[in-house]
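Take a look at the structure below.
The values are calculated or read from the model by the stated rules, or taken from the named source; none is laboratory data. Bear in mind the structure is a predicted one, so any value in this text is a computation, not a measurement. Please note: Cβ atoms are built from the backbone with ideal geometry, for glycine as well, and neighbour counts cover all protein chains shown. For accessibility, only protein heavy atoms count, side chains too; no ligands or nucleic acids. Shrake-Rupley method; radii C 1.70, N 1.55, O 1.52, S 1.80 Å.
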Amino acid sequence: MEQLLLTMGVFIAFHVVPAIGPVRRFIVGAMGLRMYIAFYSLVSVGLLVLVGIAYAEAEYVHLWDQAYWMRWVPLVLMYPACVFFVGSLVNAKPLSVGVRPNDFEVDRPGIVSVTRHP
């Protein structure tokens, strides 16, 4: 469990630190935009793999029994989740790579006003 918490902490920190404007500008200035994107993507995927491995190796902790009605929650909520996911892929986003990343309109954000990530 400690490994899972550690890898999740590193993953979150790796995503929070570049969100700080001056830090990101410094890193991009030092590495160049293309190298920064390649490095950031590679490390993000690597950290995500490590989180998955840590999750698979974490011990099982039973918190509560599943009630019958809980089985319907994913079935009901997956439809809106899929709609948000598809909407996030086809609509432009200001900070993410998408189908049309340069077409974002601040006055009409579309699905981005509801969710930024799927």
Give the ranking of R34, R25, R71 by solvent-accessible surface, highest area first, calculated with a 1.4 Å probe.
R34, R25, R71
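Excluding M1 itself, calculate the net charge of residues whose Cβ lies under 15 Å from the Cβ of M1, where each Lys or Arg counts +1 and each Asp or Glu counts -1. Numbers along the way, then the final one.
Numbers: positive: none; negative: E2, E57, E59.
So the surrounding residues net to -3.
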Cβ-based net charge around M31, under 15 Å, with every Lys or Arg adding one and every Asp or Glu removing one
+3
Each residue of the stretch 30-43 in order: what ³J(HN,Hα) in whole Hz does its phi give by Karplus 6.51 cos²θ - 1.76 cosθ + 1.60, θ = phi - 60°, with x for Gly and Pro?
6, 9, x, 4, 5, 5, 4, 4, 5, 5, 4, 5, 4, 5
Can you send over the carbon and sulfur percentage of the accessible area for the stretch 15-88, probe radius 1.4 Å, protein chains only?
76 percent
